[in-house]
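Visitor: Quick one: the structure is below, questions incoming.
Throughout, read-outs are computed from the coordinates displayed, never taken from laboratory work. The structure presented is a predicted model; accordingly, all values stated were derived computationally and were not measured. Cβ atoms come from the backbone with ideal geometry, glycine included; neighbour counts cover every protein chain shown.
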């Protein structure tokens, strides 16, 4: 047995915490990971299970811990239980990848379907209807292109509402026959979210049309998020025959398409959506649940 395999759970968590300090994630994410891991360790290491070794922890023990948390008045909401499972999945994956354990006991622990509602998303037919409705608005008397531009961008790339609204004309890049948008963040602790995302020829054509209509400098969108959301939900959604249309719905539509294609690794998808390990683990769990119902 190697020295790492003989480590106690407390020692392993301390090493896990040091590794998180070197990763490009926010302080809140680090605190959530480590805090949940320590709660788990404290529950296990009381009484007979003092100085428990990571190698002795089973999937059943993790499930029992989560069940105890659900019954506890201190555990908080079902969302808190899901977050603790996410933290344990990240912890045990790291322990396996760094040779503390050979089998990941958290890998086989499923999320409870009732913990968090499934995300809303558009079917392929609904997405096509939304694009046609937005094109109708763009070709109308007022030539209102902004909804179509936002829809194309988010369905193509899955960027968040804030990222879409912060996009500058200068962030639209063309290199070596390809086009992409550059997502930027000013705050140092969020720099890990910065990324370049390819856009389709249809999206680029819409962007070029948009720039010709609204100007070639400054922000791509010259309106507030509230105004743009009104156009999406108040004008495009009724014309497309869908009950609502939000940035979040379109982001999840993009995520589901990429996840379903199986062309990208989990690491690539995490980077694509600008997520922390915790954020991606939660998104991946929801995508897997959606796939089970599709």
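Visitor: Return the single residue from 103, 34, 154 with maximal mean-square fluctuation; model: Gaussian network over the chain, springs between Cα atoms under 10 Å.
Guide: Maximum among the listed residues: 103.
Visitor: Rank 186, 97, 139 by mean-square fluctuation in a GNM of the chain with C-alpha springs under 10 angstrom and give only the top-ranked residue.
Guide: Of 186, 97, 139, the Gaussian network model singles out 186 as fluctuating most.
Visitor: Compute the separation of the alpha-carbon centres of segment 117-151 and segment 232-294 and state it in Å as a whole number.
Guide: Spelled out, the Cα-based centre of one part sits 16 Å from the other.
Visitor: Could I ask something else about it? Within a 10 angstrom radius of the beta carbon, how do 169, 199, 220 rank from fewest other beta carbons to most? Intermediate results must be reported in sequence, preceding the final value.
Guide: Numbers: 169 15, 199 20, 220 23.
Ordered from fewest to most neighbouring Cβ atoms within 10 Å, 169, 199, 220 come out as 169, 199, 220.
Visitor: Relative contact order of the chain, please, whole-number percent, based on alpha carbon pairs below 8 angstrom and at least 6 residues apart.
Guide: Numbers: 334 pairs, mean separation 60.8, N = 294.
About 21 percent, as a whole number.
Visitor: Given the Cα-Cα distance of residue 189 and residue 120 and 0.36 nm per residue of separation, how much length would full extension add, in nm?
Guide: Taking residue 189 through residue 120 to full extension adds about 21.9 nm, to one decimal.
Visitor: Run the simple label-point estimate for residue 18 and residue 58 please: 7 Å along Cα→C-beta, distance reported in nm.
Guide: 3.2
Visitor: In units of 2.2 N^0.38 Å, what is the alpha-carbon radius of gyration of segment 4-97?
Guide: Computed over Cα atoms of segment 4-97, the ratio equals 1.05.
Visitor: Please build a GNM for the chain, connecting alpha carbons under 10 Å apart, and tell me which residue among 150, 179, 106 fluctuates the most.
Guide: 179
Visitor: Working from the pairwise distances between different alpha carbons, so that the mean of 1/r is found and then inverted, what is segment 124-293's Kirkwood radius in Å?
Guide: Its Kirkwood hydrodynamic radius stands at 16.6 Å.
Visitor: What are the semi-axes of the equivalent ellipsoid for the chain, taken as the square roots of 5 times the Cα gyration tensor eigenvalues, largest first, in whole Å?
Guide: Working from the Cα gyration tensor, I get semi-axes of 43, 21, 16 Å.
Visitor: Report the FRET efficiency, 1/(1 + (r/R0)^6), for residue 10 and residue 211, where r is their Cβ-Cβ distance and R0 is 51 Å, rounded to 0.05. Each step should come with its number before you reach the end.
Guide: Values: r = 57 Å, r/R0 = 1.11.
Computed FRET efficiency for residue 10 and residue 211: 0.35.
Visitor: Rounded to the nearest 0.05, what FRET efficiency do residue 227 and residue 201 give with R0 = 35 Å and r taken as the Cβ-Cβ distance? Could you check?
Guide: Numbers: r = 28 Å, r/R0 = 0.80.
The computed FRET efficiency comes out at 0.80.
Visitor: Just to verify a number: FRET efficiency for residue 239 and residue 103, C-beta to C-beta distance, R0 = 45 Å, to 0.05?
Guide: Details: r = 53 Å, r/R0 = 1.18.
The value I calculate is 0.25.
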